[in-house]
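J.: One structure coming up, written as structure tokens, with questions to follow.
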Amino acid sequence: MSELESAFLKNKNKEKDIWRMFKIISDFTDAYDELRSLPPAISIFGSARTNKEDIYYKKAVKISKKLSKEGYAIITGGGGGIMEAGNKGAKVSVGLNIKLPHEQRINKFVSIPLQFRYFFTRKVVFLKYSVGFVVMPGGYGTLDELSEALCLVQTKKIQAFPIVLFGKEFFEPLVKFFDKMLEREYLLPGDKNLYLMTDDIDEAVEYLKKYSITSTK
């Protein structure tokens with residue numbers, strides 16, 4: 001490769017980086033502008049592949065309704081499955097959608113839709129505008145969001161807020177893995193107190209109300 005070709009490629013890569021930076025800024029500015037007057041919100045995470053007859057879909061709707069009655073807005077990823085269920089039960093319903101090869105359409109129950117280009121910008125917005133998380137059964141994306149929240153609370157990079165793992169049958173193997181981490185001293189004993197695992201809707205709502213960063217009352 002000649003020096004001229006090498007210089008051309010370097011300039012081209014720099015241009016791509018500059019445009020990527022503007023896209024990142026656009027993700028943040030759109031969200032901050034749209035959500036600046038949002039009331040205290042709870043984010044509900046879970047699989048987009050959960051069907052309407054699934055018990056966790058139905059429970060997500062009930063949790064969302066109860067939280068809405070307490071004055072919370074509900075934030076989800078805006079897609080189908082558990083995300084749809086969370087938006088369905090909400091009075092103030094936010095959908096932080098991301099463009100993906102599959103499952104990327106915003107569900108019809110979202111009243112405040114936002115589109116994101118990047119996962120990391122989307123996660124920043126979830127954390128900025130949430131005072132608590134409800135994590136329902138899901139896949140890699142759900143696990144990613146849970147891990148991000150636990151890590152940031154554990155390291156005190158954000159103010160502690162309540163995290164609910166809803167569905168004992170699903171999350172017990174994960175919690176046992178956490179116990180293995182604790183045995184190896186990869187976690188501290190207090191790290192086990194960063195979340196509540198439950199099957200009880202009322203217990204979940206009361207826990208969120210008690211420990212949320214901002215009261216709705």
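Rule-based calculations on the coordinates, nothing more; no lab input. As the structure is a prediction and not an experimental result, all values here were calculated from the model. As a convention, Cβ positions derive from the backbone with ideal geometry for all residues, glycine included, and neighbour counts pool all protein chains shown.
J.: For region 70-138 and region 158-180, what is the separation of their Cα centres, given in Å?
T.: Value for the Cα centre distance between the two parts: 20 Å.
J.: I've got another one for you. Could you check the simple spin-label distance between L143 and I213, using points 7 Å along Cα→Cβ, in nm with one decimal?
T.: Calculated label separation equals 2.7 nm.
J.: Then there is this: Work out Dmax and Rg for region 147-197 from the C-alpha atoms and quote the Rg first, both in angstrom.
T.: 11.0, 30
J.: Which order do peptides 129-136, 69-76 fall in by mean Cβ count within 10 Å, highest first?
T.: 129-136, 69-76
J.: Which three extents, in whole angstrom, do the alpha-carbon atoms of the chain cover along their principal axes, largest first?
T.: That works out to 67, 45, 34 Å along the principal axes.
J.: Given a Förster radius of 41 Å and the C-beta distance between E206 and R117 as r, what FRET efficiency does 1/(1 + (r/R0)^6) yield to the nearest 0.05?
T.: FRET efficiency, E206 to R117: 0.65.
J.: Among S64, S93, S147, determine the one that fluctuates most according to a GNM of the chain built with springs between C-alpha atoms less than 10 Å apart.
T.: The residue that fluctuates most here is S147.
J.: Could I ask something else about it? Quick check on region 48-154: take the gyration tensor over C-alpha atoms, sort the square-rooted eigenvalues as a ≥ b ≥ c, and tell me if it's rounded (a/c under 1.5), prolate or oblate.
T.: Rounded shape, in that the Cα axes give a/c under 1.5.
J.: A further question on this structure: Starting from the 7 Å offset along Cα-to-Cβ, what nm value, one decimal, do you get for the label separation of L188 and K62?
T.: For the pair L188/K62, the computed spacing is 3.7 nm.
J.: Multiplying the sequence separation of D17 and E172 by 0.36 nm and subtracting their Cα-Cα distance, what value in nm do you get?
T.: 51.5 nm
J.: In nm, give the distance between the simple-model label positions of K156 and D30, each being 7 Å from the Cα along the Cα-to-Cβ direction.
T.: 3.7 nm
J.: What aspartates and glutamates does K23 reach when the alpha-carbon gap must be under 16 Å and sequence neighbours fewer than 8 apart in one chain are set aside?
T.: K23 reaches E15, D33.
J.: In deg cm²/dmol, rounded to 500, what helix-only [θ] at 222 nm does the chain give when every DSSP H run of at least 4 residues adds -39500 (n - 2.57) and the total is split over its residues?
T.: Taken over the chain, the calculation gives -16500 deg cm²/dmol.
J.: Among the lysines, which fall within straight-line cross-link reach of K210, defined as a Cα-Cα distance under 22 Å, with same-chain neighbours fewer than 8 residues apart omitted?
T.: K59, K62, K65, K66, K69, K91, K128, K156, K157, K168, K192
J.: Hey, another quick one. Comparing G77, G138, G86, which has the greatest mean-square fluctuation in the GNM of the chain with Cα pairs linked when under 10 Å apart?
T.: G138
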